[in-house]
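**Q** Just passing along the structure, written as structure tokens.
Taken together, the values in this text are just the output of simple stated rules run on the coordinates, not laboratory data. On a predicted model such as this, the values are computed, not experimentally measured, just so you know. Cβ coordinates were reconstructed from backbone atoms using ideal geometry, including for glycine residues, and neighbour counts include every protein chain displayed.
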Amino acid sequence: MRTHIKDRSSILAKLGIAELNDMQQESAKAIASKKDVVLLSPTGTGKTLAFLLPIIESLDAASTAVQVLVVAPSRELAIQIESVAREMGSGYKTNVVYGGRAIAKDKIDLQHNPAILIGTPGRLADHLRRESFDTDKIKIVVLDEFDKSLEIGFEEDMREIIGELQEVQQYILTSATDAISLPSFVPLQDPSELNYLQDANAGLKIRKIISPEKDKLSTLLRAVRHLGDQHMIIFCNFKDSIERVSDYLDDHGIVHGSFYGGMEQKDRERILIKFRNSTIKILLATDLAARGLDVAEIQAIIHYHMPLREQEFIHRNGRTARMNKDGAAYVIMWKDDEIPHFLEDCEVESLDRHEQEFTNPPMATLFISGGRRDKISKGDIVGMILKKTTVEKDELGLIELKPECAFVAVTTKKAKHVIATLNNTSVKKRKIRVYQI
């Protein structure tokens, strides 16, 4: 039988958080009142914890049914919400379902109902049609980044989901923008509206970089070297542009990753893992990366292309200068480009000074074919590596544990040694494969 933890201080201690910020405190109070809530707050301010914490405090520990449904616009955001819920260590079963994942895996997870079910609109609607789980005990529905779900064409699925749920007592809607009306198909009853958007990007500086040539590739390379050893996202508008920029960076020895909608889900997840653990520090991305990614400490945004709408410019910039930290956004413009009105007062960043040779990250990411379902913990992995290899503690980086596998960052100079030593060995009676990704 699971032990359920609802004590707020214990949960925050597990997350390494001393106290909630103002937005999280006000949100927790509003959600605990059982009223419908609309929460508007910038990317990176902790909206996930803001709604999960009071929800967990309200769950019925004796129930074996799905009690909460969380709907997210992207696979990455759905996975991130599930990760936060697990890290809270409340003892309540939490599962995530999304398109691109084998439906058979969903069925295994849903054999025993989770208290909290998280998913993308299309996959959740599919499961409702299949009657994969009972809905009569679902009391809370969260539409996270609801405006994004509507923008990318999920309205019909969301309408279907809301229409199937007859016993909902509370709706919680979140967004990082106030540029869209609340959806009429959600039966909100006098919702509490919390708007923290005025706090967005207080530490953000925006600069223009002028390219003397219409083809901006060489200027981008100079900008990357100018910024040096920083975590950065380079935004492009199209997949083809990402491929062209990627080839150019490869030709100049710049380690990076790419992230866009046409990629296989496994590849998208692995690129984000490598970005989080600093195996790569440069991410080429479309606007898919503008919201909902669980990546901290992004120090710079480069707009290789300007987005088609000002609102997306704001969302892209929201990836940096988060949680009261400083950050910068750079717009690369051809000298003859028309300057948008919101950039007219921005200073020009000179690349003639401080240019340095870009240093590629010294870490590599290893895949281990064992995870939570094999009763393997992060501690097991750390112990195995430190005991069986010559890796020192300071040569070991971030470990991400998944249900069926794990990813470990180690120094590049030790990666081949770790693979040779641990591949085809056993941990917790499970034979594992180890290789570099």
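**Q** Can you give me the distance in nm between label points at residue 4 and residue 62, each placed 7 Å from the Cα along the Cα-to-Cβ direction?
**A** 1.0 nm
**Q** Oh, and also: To one decimal place, what Kirkwood hydrodynamic radius in Å is obtained for the range 376-436 from all pairs of distinct Cα atoms?
**A** Result for the range 376-436 stands at 11.7 Å.
**Q** Which value in nm describes the separation of the simple spin-label points at residue 229 and residue 159, placed 7 Å from the Cα toward the beta carbon?
**A** Reported label-point gap for residue 229 and residue 159 is 5.4 nm.
**Q** Among 18-25, 55-62, what's the highest-first ranking by average C-beta atoms within 10 angstrom per residue?
**A** 55-62, 18-25
**Q** By how many nm would the segment from residue 390 to residue 15 lengthen if fully extended, with 0.36 nm per residue of separation less the alpha-carbon distance?
**A** Length gained between residue 390 and residue 15: 132.0 nm.
**Q** Give, in nm to one decimal, the length gained when the segment between residue 243 and residue 420 is fully stretched (0.36 nm per residue of separation minus the Cα-Cα distance).
**A** Result for the pair: 60.4 nm of gain on full extension.
**Q** In addition: Taking the mean number of other Cβ atoms within 10 Å as a proxy for protection, how do you rank 226-237, 369-380, 395-406 from highest to lowest? List each step's numbers first, then the result.
**A** Details: 226-237: 20.7, 369-380: 15.8, 395-406: 17.6.
Sorting 226-237, 369-380, 395-406 by mean packing, highest first, produces 226-237, 395-406, 369-380.
**Q** Then there is this: Starting from the amide H of residue 46, placed 1.01 Å from N in the peptide plane, find each other amide H under 5 Å away whose residue is 5 or more places distant or on another chain.
**A** Those qualifying (amide H under 5 Å, at least 5 residues apart or on another chain) number zero.
**Q** Ratio of alpha-carbon Rg to the 2.2 N^0.38 Å globular estimate for the range 13-163, to two decimals, please.
**A** Normalised by 2.2 N^0.38 Å, the Cα Rg of the range 13-163 equals 1.00.
**Q** Kirkwood hydrodynamic radius, the chain, all distinct C-alpha pairs: what's the number in Å?
**A** For the chain, the Kirkwood estimate is 23.2 Å.
**Q** In vacuum, with every alpha carbon of the range 204-348 counted as one equal point scatterer, what does the Debye formula give for log10 I(q)/I(0) at q = 0.10, 0.15, 0.16 Å⁻¹? Two decimals, please.
**A** -0.30, -0.71, -0.82
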